1. Please name all residue pairs, on different chains or six or more residues apart, with Cβ atoms under 7 Å, provided the first residue is in the range 220-248 and is on the phi > 0 side of the Ramachandran plot and the second residue is among the aliphatic types (A, V, I, L, M).
2. Suppose we keep only residues that are assigned to a helix (DSSP H, G or I) and surrounded by 17 or more Cβ atoms within 10 Å (Cβ to Cβ) within the range 205-221. Which one would you say is modelled with the lowest pLDDT?
3. Being surrounded by 16 or more Cβ atoms within 10 Å (Cβ to Cβ), within 30 Å of ARG47 (Cα to Cα) and assigned by TED's automatic domain parsing to the domain that holds LEU163 is true for just one of ALA225, ALA239. Which residue is that?
4. Take THR60 and tell me if it is over 17 Å from the mean Cα position of the chain (by Cα) and in contact (Cβ under 8 Å) with a residue 24 or more places away in the chain.
5. Could you pull out the residue among VAL174, VAL133 that is within 15 Å of ILE245 (Cα to Cα), surrounded by 24 or more Cβ atoms within 10 Å (Cβ to Cβ), modelled with pLDDT of 95 or more and of a type outside the set (Gly, Ala, Ser)?
Amino acid sequence: MDRHRLKRILADVKADEITLDQALEQLKSFPYEAIGFATLDHHRSIRQGFPEVIYCPGKTDTQVITLLQSMAEKECPTLATRVSSELSDKVKKEFPEGKYNALARTVVLRRDLIRKQAGKIAIVTAGTTDLPVAEEAKVTAELFGYSLTPYYDIGIAGLHRLLDQIEKIDKADVIIVIAGMEGALPGVVGGLVGKPVIAVPTSTGYGTAMNGLSPLLTMLNSCAAGLAVVNIDNGFGAASLAHRILSNQ
């Protein structure tokens, strides 16, 4: 359920195109739906502008498919994250139209219902090994309806690569910067642009990177004012924050 569908139902009732009972039937799972092992929040699109997203680790394959079925029936774009290749094969059998991104580990259903949003997002990565997180952010932002431009593998180990692209990057409305190792790239970008910068630490790096803790601390301690930092490897969270920024402008 989202604002557009709710408005359509109310307009149909007002125009006597459907009865109150028919409207109630469509709204029977509003604002949430209890399905035993989960309680789906169908009201979230109205509150926050995007539907609940299915995080797959810890769930059985049957549970994930049941959740996807329920979400897809509610006429909204549907996203599942951290989808294994084995699970994706099962999802594909149930939803042949589903789009699986192996690098992002995501499945998207009902892409036909995506509504284009104003605002442009740039996604910048320090290295190629950051691409899984970048792709998760990209898939999520595209599901929300935003246009994206990727700038991959332009970390500070070759600063000229970033400087060659910085004018183009600064034309975006929000910039997501993803880095592992020491995690310095978001602070550099944050000092060069005037747009909101969302920093994403990744678990890429040698021993003292501590699976993303070192870049996380670097980003939290950045001297570039106004830098926002999300959790380690959280491309989905970065795209969600970008949406909140853009939808409230």
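The values are calculated or read from the model by the stated rules, or taken from the named source; none is laboratory data. No experiment lies behind these values; they were computed from the predicted model shown. Using ideal geometry, Cβ is built from the backbone for each residue, glycine included, and neighbour counts are taken over all protein chains shown.
1. Pairs that qualify, where the first residue is on the phi > 0 side of the Ramachandran plot and the partner is among the aliphatic types (A, V, I, L, M), are ASP233/VAL133.
2. Across the range 205-221, the extreme among qualifying residues is ALA209.
3. Exactly one residue qualifies, and that residue is ALA239.
4. So THR60 fails the test.
5. Step by step, each of VAL174, VAL133 is checked, and only VAL174 is within 15 Å of ILE245 (Cα to Cα), surrounded by 24 or more Cβ atoms within 10 Å (Cβ to Cβ), modelled with pLDDT of 95 or more and of a type outside the set (Gly, Ala, Ser).
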